[in-house]
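A.B. asks: Just passing along the structure, written as structure tokens.
The values are calculated or read from the model by the stated rules, or taken from the named source; none is laboratory data. On a predicted model such as this, the values are computed, not experimentally measured, just so you know. Cβ atoms come from the backbone with ideal geometry, glycine included; neighbour counts cover every protein chain shown. Surface areas here come from the heavy atoms of the whole protein model, side chains and all, with no ligands, DNA or RNA. Shrake-Rupley method; radii C 1.70, N 1.55, O 1.52, S 1.80 Å.
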Amino acid sequence: MSYVSPPELVGKMVDAGESKVFMSTRDTVIRAFMAGAILALAAAFAVTVTVQTGEALAGALLFPVGFCLLYLLGFDLLTGVFTLVPLALIDKRPGVRPRLVLRNWGLVFIGNFAGAFLVAVMMAVTFTYAFTVDPNPVGQAIGKIGEGRTVGYADHGAAGMLTLFIRGVLCNWMVSTGVVAAMISTSVSGK
């Protein structure tokens with residue numbers, strides 16, 4: 001059976017958190033870098049498809065492919081380690097300390113940021129012919145999305161910042177649910 005029972009699922013989650021705490025710096029950063037890069041590529045791909053087809057649903061359906069890929073390849077997003085790593089601390093696994101949890105979070109943040117930033121720079125180069133022309137329609141759409149997700153809330157002051165924060169929490173909650181839900185199955189198709 002490719003289904004994991006709830007008690008087994010909890011054990012897998014705690015074990016995964018523990019393994020991430022003790023992972024080498026090199027492996028942690030590489031896995032995080034690749035996750036950030038793949039997710040940024042998936043976002044650029046989704047926007048490209050949306051702009052070229054005029055169908056937002058097409059892009060929305062394709063974006064999760066990036067998340068599935070990075071999960072199946074064993075890469076780490078900060079959202080996933082926020083969920084799993086503290087479980088090893090809560091379970092009092094030997095050697096797991098708050099300092100090691102924070103170390104893991106810091107390394108994954110750096111790796112995710114570096115991977116996403118590299119892809120962002122590469123996309124900016126391709127959308128502008130190495131900054132010699134204005135961005136193409138896909139680049140313009142990505143710019144509008146970025147502006148809308150950041151300074152677009154500034155007009156609302158503190159209420160805008162609270163809204164932005166809550167949206168971020170909800171989004172990360174969904175991603176964390178995806179990480180955990182994928183652990184329920186032992187088969188690739190089930191994940």
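A.B. asks: With n ≥ 4 as the cut-off for DSSP H runs, can you work out [θ] at 222 nm for the chain, using -39500 (n - 2.57) per run divided by the number of residues, rounded to the nearest 500?
C.D. replies: Here the helix-only value at 222 nm equals -26000 deg cm²/dmol.
A.B. asks: Which order do Met174, Met183, Met34 take when ranked by solvent-accessible area (1.4 Å probe, heavy atoms of all protein chains), largest first?
C.D. replies: In descending accessible area the options line up as Met174, Met34, Met183.
A.B. asks: Can you tell which of Ile142, Phe75, Ser189 lies farthest toward the positive end of the dipole of the chain, using +1 and -1 charges on the Cβ of basic and acidic side chains (Lys, Arg; Asp, Glu)?
C.D. replies: Phe75
A.B. asks: Next question. Would you work out what percent of the accessible area of the stretch 21-119, with all protein chains in place, is carbon or sulfur (probe 1.4 Å)?
C.D. replies: On the way: 3990 of 5240 Å².
About 76 percent, which is the carbon plus sulfur part of the accessible surface.
A.B. asks: Sorted by accessible area (1.4 Å probe), largest first, how do Leu41, Leu78 line up?
C.D. replies: Sorted descending by solvent-accessible area, the residues read Leu41, Leu78.
A.B. asks: Treating cross-link reach as a plain straight distance, find the aspartates and glutamates whose alpha-carbon is under 12 Å from the alpha-carbon of Lys191, omitting any fewer than eight places away in the same chain.
C.D. replies: Counting by Cα, and skipping residues close in sequence, Lys191 has no aspartates and glutamates nearby.
A.B. asks: If the cut-off is 25 Å between C-alpha atoms, which lysines fall inside it for Lys92, apart from same-chain ones fewer than 8 positions away?
C.D. replies: In chain and number order, the partners are Lys12, Lys20.
A.B. asks: Which whole-number value in Å² is the accessible area per residue of the chain, probe 1.4 Å?
C.D. replies: Here the residues of the chain average 60 Å² of exposed surface.
A.B. asks: Which value, in debye to the nearest 20, gives the size of the charge dipole of the chain about its Cα centre, when Lys and Arg are +1 and Asp and Glu are -1 at the Cβ?
C.D. replies: 540 debye
A.B. asks: Which loop-located chymotrypsin sites (Phe, Trp or Tyr not before Pro) does the stretch 99-191 contain, where loop means any DSSP state but H, G, I, E or B and the Cβ has at most 13 other Cβ atoms within 10 Å?
C.D. replies: Tyr129, Phe131
A.B. asks: Sticking with this one: Among Gly17, Phe131, Val96, which residue has its Cα positioned farthest towards the positive end of the charge dipole of the chain, with +1 placed on the Cβ of Lys and Arg, -1 on the Cβ of Asp and Glu, and the dipole taken about the Cα centre?
C.D. replies: Val96
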